[in-house]
1. What is the one condition in (1) outside any loop (DSSP other than H, G, I, E, B); (2) buried (at least 16 other Cβ atoms within 10 Å of the Cβ) that Met173 does not satisfy?
2. Consider the stretch 57-108. How many of its residues are over 22 Å from Lys14 (Cβ atoms) and either of a type in the set (Val, Ile, Thr) or not in a helix (DSSP H, G or I) (or both)?
3. For the subset of the stretch 118-167 comprising residues that are polar (S, T, N, Q) and more than 21 Å from Gly66 (Cβ to Cβ), which member is nearest to the chain's Cα centre (by Cα)?
4. Quick check on my filter: what residues within the stretch 120-160 are in a helix (DSSP H, G or I) and among the aliphatic types (A, V, I, L, M)?
5. Can you go through Asp97, Asp63 and tell me which one is closer than 17 Å to Pro129 by Cα and either outside the structural domain of Ile17 (by TED's automatic domain parsing) or surrounded by fewer than 19 Cβ atoms within 10 Å (Cβ to Cβ) (or both)?
6. How do the pairs read when you match residues in the stretch 4-31 that are in contact (Cβ under 8 Å) with a residue 40 or more places away in the chain and under 23 Å from Gly43 (Cβ atoms) with residues anywhere that are surrounded by 11 or more Cβ atoms within 10 Å (Cβ to Cβ) and among the polar types (S, T, N, Q), using Cβ under 6 Å and keeping only pairs 6 or more apart or on different chains?
7. Does Phe52 fit the bill of being outside the structural domain of Ser31 (by TED's automatic domain parsing), assigned to a helix (DSSP H, G or I) and surrounded by 18 or more Cβ atoms within 10 Å (Cβ to Cβ)?
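The values are calculated or read from the model by the stated rules, or taken from the named source; none is laboratory data. Treat the numbers as computed from the prediction; the structure is a model and nothing was measured. Please note: Cβ atoms are built from the backbone with ideal geometry, for glycine as well, and neighbour counts cover all protein chains shown.
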Amino acid sequence: MANALHYNSRRAHKPFIKVNCSALPETLIESELFGHEKGAFTGAIHQKKGRFELAEGGSIFLDEVGELSQNIQVKLLRVIQEHEFERLGGTQTIHCDVRIIAATNKDLEEALNRGTFREDLYYRLNVFPIHIPPLRERRTDILLLAEHFLEKFCRENDKKIRRISTPAIDMFMQYHWPGNVRELQNCMERAVLVCDEEVIKSYNLPPTLQTPGSSRTHSHLSLAEAVDNTEREMIIEALKETRGNQSRAAQYLDTSLRILNYKIHKYGLDPKKFKVS
C-alpha cells in the first residue's frame, strides 16, 4: 500500500525511504531518522544523513510507528509540524519536504489511553487513515499473493515449481494468518526452498499451518491416518495432472485402475471436478 501511494503520486520520481521502527534499537533510531554529526557519539567518525534527509522531495514510510519511544515521538511531531530538524550532535536546522506514510498493527487509541503514544502526534499522523483488513478477512487475496510469492522465490532460487497443490491451497484458505502478508511470504519462501518437485505440496508448508482443520488431522495422528492423508493428496494431484482421467492417473501413480477407483471411492473424490482444473 505504501509503495502504491508513493509511486502513483507526483513524488514518484523522488526517493522512497522505508524505515521499520520496531527493528531499530532505541539507541540508534534518532541517528537513523535524523542523522548525526561527526563526533556526536562514540563511533560517529563521519557525518551521516538521516532517513528524512535522504527522502527529501519524496516519501518516507514509517512502518510500526507505534513502537517509537516518547522521546522520538516528540522529535517526529516537530518534523511534521515545522518541517525541520537537527542532526544528532548538530546545531544546523535542516528543512525537509517529505510525505510521511505511517503504519502500525497496534491499537493507537488504546495506546493513547495508556499514555504510551502522544495524542498530538496521533492526530497529526491520522490526517488520512487507510484501514487495511487482515488477510483472513480478504481470503480472495491469499491465492493471488501465494502465486506471486511462488513466482518471486522460484526466480530468486532458480527453481521450476509450476503450481500449488489443491490440499496446500485448502490449508492456505483455512489458516487464520495472524502474521498477515509477511507470514504468507515467509511460508512461501520456505515451501519453495524445501520443495524438490514441480508442485508445492501440503507437507512443504510450515508446521504452523498443519492445524487440525487445515490438514484433516488431530493432535495424535496415527500411522494409518497419516498414510491416508498422504495417499489422498497424491491421488488428488494425479487427478489434477490428468484432468480427471482415471486411467492416466493410475499410470501416473504406477498402480492399477481398479485400485485407484477403490481409493477414489474410499476418499469420496469426484474425478469430474478435475476436468476443468
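1. In the conditions (1) outside any loop (DSSP other than H, G, I, E, B); (2) buried (at least 16 other Cβ atoms within 10 Å of the Cβ), Met173 misses (2) alone.
2. Within the stretch 57-108, residues that are over 22 Å from Lys14 (Cβ atoms) and either of a type in the set (Val, Ile, Thr) or not in a helix (DSSP H, G or I) (or both) number 15.
3. So, considering only residues that are polar (S, T, N, Q) and more than 21 Å from Gly66 (Cβ to Cβ), the one nearest to the chain's Cα centre (by Cα) is Thr140.
4. Residues satisfying the conditions are Leu121, Leu125, Leu135, Ile142, Leu143, Leu144, Leu145, Ala146, Leu150.
5. Just a single option satisfies the conditions, and that option is Asp63.
6. That search, which allows pairs on different chains as well, returns Glu26/Ser69.
7. no
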